[in-house]
Amino acid sequence: MDTRFQSFEEFWPFYVKEHSKKSTRVLHFVGTTAAMACLAGGLLTKRRWLLAVAPFAGYGPAWISHFFIENNRPATFKYPLWSLKADLVMWSKMAAGKMDAEVARVLADEAAKQASKPEPNGPVRVDGPAGAVN
């Protein structure tokens, strides 16, 4: 995808589409939870190894889900900060039980956009005598 997003609001629908399969979102949720637990545990117990493990705990399940479930490349490679923010937004929506509805909304919006796009060469006009095409 060569699109350069100008804002998080533009990025979010792309991110949601890249996480359209529930199993991908579940693995992200597990990974993000594990990463947060490692960060909290490392800070509270002063065990630095937990801090070092946090990125692997978070990104491991997420990247596996992209490569083997969604069959796409993680957005983290191109948009690391917005992807991190989106991971946290998705995590909070999943914790609140609202992410499935968000995916449905974004996919419906995308379908509506596609349906309203004009045909690539424009509609064919028929004028004049029957069968004559302009």
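Please treat every number below as a calculation from the coordinates, not as lab data. Computed from a prediction, not measured in an experiment: that's the story for all the values here.
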query: What angle do you read, to the nearest 10 degrees and between 0 and 90, between the alpha-carbon axis of helix 22-45 and the longest principal axis of the chain?
result: 30 degrees
- prompt: In degrees, nearest 10, range 0 to 90: what is the angle between the Cα axis of helix 99-116 and the longest Cα principal axis of the chain?
  reply: 20 degrees
- prompt: Helix 48-65: angle to the longest alpha-carbon principal axis of the chain, degrees 0 to 90, nearest 10?
  reply: 30 degrees
- line: Largest fluctuation, Ser92, Ser20, Ser116 only, Gaussian network model of the chain with Cα springs under 10 angstrom, belongs to Ser116
query: Which value in deg cm²/dmol, rounded to the nearest 500, describes the helix-derived mean residue ellipticity at 222 nm for the chain, given -39,500 (n - 2.57) per DSSP H run of n ≥ 4 and division by the residue count?
result: -21500 deg cm²/dmol
query: In a GNM of the chain with a 10 Å cut-off on Cα contacts, which of Pro55, Pro74, Pro118 has the highest mean-square fluctuation?
result: Pro118
- prompt: If you build a Gaussian network model of the chain, linking Cα atoms that sit under 10 Å apart, which residue out of Val106, Val26, Val53 swings the most?
  reply: Val53
query: Contour minus end-to-end for Arg105 and Val89, with contour as 0.36 nm per residue of separation and end-to-end as the Cα-Cα distance?
result: 4.2 nm
